[in-house]
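Notes to accompany the following structure.
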Amino acid sequence: MLECKKLSFKYNDGAVGITAIDFSTHKGNIIGVIGSNGAGKSTFFKCLLGLLKPQSGELVHNGETVDYSKKSLRSLRQSVNLVLQDPERQIFYSNVYDDVAMGPKNLKLSEEEIAHRTMTCLKEVQADSFMDRPVQYLSFGQKKRVSIAGVLALSCDVILLDEPETGLDPVMRSDMLKLIQKLSTQGKKIILSSHNMDMIYHICDYVYLMHQGSMIASGPVETIMTNEAKLQATRLELPLLVKVAKTMGTSPEALKKTIVET
Ligand SMILES: Nc1ncnc2c1ncn2[C@@H]1O[C@H](COP(=O)(O)OP(=O)(O)OP(=O)(O)O)[C@@H](O)[C@H]1O
């Protein structure tokens, strides 16, 4: 469980990263954080990971305020982890298996436990078939799966995903969405940032809308993603399904139902 109370962060040059953010993982299981370029999504994620120390406000992890001591940050990072948009920045070893095993090794688990956890995570993302291949020969989508396996191997319970679908072809994108849904049903909290309104609308149950460092709206996905005025004000678009439903004079739910039934 992760919570922010009035969290604010300013960069050294005075640029405003985030302002007075209230946030809670209690709100949903797959939570979307949306906002146009420069809205503050990356800054917010870095604050959630404890990589940036806010000048004011509180980050609360499992009921305890993060005080940025080594102990507090260790505990935070054991349960909260990030999958970067670019997997190249997250893979450190030249071999797939070794890269995924790195996390469990650092946790000083037994050899048996390291092997078991590594294999389980590789299978989870269907990367076991190429686990002995050098990373340099993998496709972008395969590297993405390896980077997710690496995060899963840390056994965290909150996973931040930065633009998870970027760079993936339609089949890989669909596999990624299924994986996110599977992880959520396994009890992991997923927080994902994206500009892709269709993906957010399809997969998230709760959405936070960021603009110029502030959370200007939050609520169930149906509420936020049909609020044309708010989305337009932040240079975001309605999801395609919502646009089509509007043109047809029906509700997105009714249209979704019709599509599923036909
Ligand atoms: N290292 C930095 N130093 C100074 N200012 C920064 C730094 N990183 C981000 N900013 C500023 O903080 C604000 C929020 O940026 P941030 O990268 O968090 O937005 P974002 O929503 O992730 O954008 P994008 O969708 O383009 O990735 C912007 O005004 C940006 O210029």
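Derivation of every value follows stated rules applied to the coordinates shown; laboratory data play no part. Quantities reported herein were computed from a predicted structural model and do not represent experimental measurements. We place every Cβ from the backbone using ideal geometry, glycine too, and count neighbours over all the protein chains shown.
Compute, for the chain, the length of the dipole vector about the Cα centre, with Cβ point charges of +1 (Lys, Arg) and -1 (Asp, Glu) only. Units Debye, rounded to 20.
420 debye
Amide H neighbours of Val33 under 5 Å, counting only residues 5+ apart in sequence or on other chains, H built in-plane at 1.01 Å?
Result for Val33 returns Leu192, Ser193, Ser194, Tyr208.
Residue by residue, what Karplus-based ³J(HN,Hα) values in Hz, rounded to whole numbers, does segment 209-223 have, using 6.51, -1.76 and 1.60 with θ = phi - 60° and x for Gly and Pro?
So the J values, rounded to whole Hz, are 10, 9, 8, 6, x, 10, 8, 8, 7, 7, x, x, 3, 4, 6.
Run down the aspartates and glutamates and flag those whose C-alpha is under 14 Å from the C-alpha of Lys123, throwing out any fewer than 8 positions away in its chain.
Lys123 reaches Asp132, Asp175.
Could you pull out every residue, at least 5 positions away or on a different chain, whose amide H is within less than 5 Å of the one on Gly17? Hs are placed 1.01 Å off N in the peptide plane, and Pro or chain starts have none.
Under 5 Å from the amide H of Gly17 lie the amide H atoms of Phe9, Lys10, Tyr11, each far enough along the sequence or on another chain.
Given the -39500 (n - 2.57) contribution per DSSP H run of 4+ residues, what per-residue ellipticity at 222 nm results for the chain, rounded to the nearest 500 deg cm²/dmol? Spell out each step's value before the answer.
Working: 11 runs with 108 residues, N = 262.
Calculated from helices alone, the mean residue ellipticity at 222 nm is -12000 deg cm²/dmol.
Calculate the dipole size of segment 37-151 relative to its Cα centre from +1 charges on Lys and Arg beta carbons and -1 charges on Asp and Glu beta carbons; express the result in debye to the nearest 20.
So the dipole magnitude of segment 37-151 works out to roughly 340 debye.
Under a 5 Å amide H to amide H cut-off, with H placed in plane at 1.01 Å, what residues pair with Leu82 once short-range neighbours are removed?
Here the answer is Leu160, since their amide H atoms fall under 5 Å of that of Leu82.
Dividing the alpha-carbon radius of gyration of segment 2-229 by 2.2 N^0.38 Å (N being the number of residues), what value is obtained?
Here the answer is 1.01, to two decimals.
Tell me, what HN-Hα J-couplings in whole Hz come from the Karplus equation 6.51 cos²θ - 1.76 cosθ + 1.60 at θ = phi - 60° for each residue of segment 98-105, using x for Gly and Pro?
Along segment 98-105, the couplings run 4, 5, 5, 6, 4, x, x, 5 Hz.
Select from Thr118, Cys4, Ile259 the residue farthest towards the positive end of the dipole of the chain; place +1 on Cβ of Lys and Arg, -1 on Cβ of Asp and Glu, and compute about the Cα centre.
Cys4
Output wanted: per-residue J couplings in Hz (rounded whole) for segment 19-32, from phi through Karplus 6.51 cos²θ - 1.76 cosθ + 1.60, θ = phi - 60°, x for Gly and Pro.
10, 6, 7, 9, 7, 8, 6, 5, 5, x, 9, 10, 9, x
What are the extents of the Cα atoms of segment 143-262 along their three principal axes, listed from largest to smallest and rounded to whole Å?
47, 41, 26
Just report the Cα centroid separation between segment 4-42 and segment 75-107, whole Å.
24 Å
What order do you get for 119-127, 253-261 when each peptide is scored by the mean count of other beta carbon atoms within 10 Å, highest first?
Highest to lowest by the protection proxy: 119-127, 253-261.
Treating the beta-carbon of each Lys and Arg as +1 and of each Asp and Glu as -1, no other charges, what is the dipole magnitude of segment 146-262 about its Cα centre, to the nearest 20 debye?
Working: 11 positive and 13 negative charges, 30 e Å.
Computed about the Cα centre, the dipole is about 140 debye.
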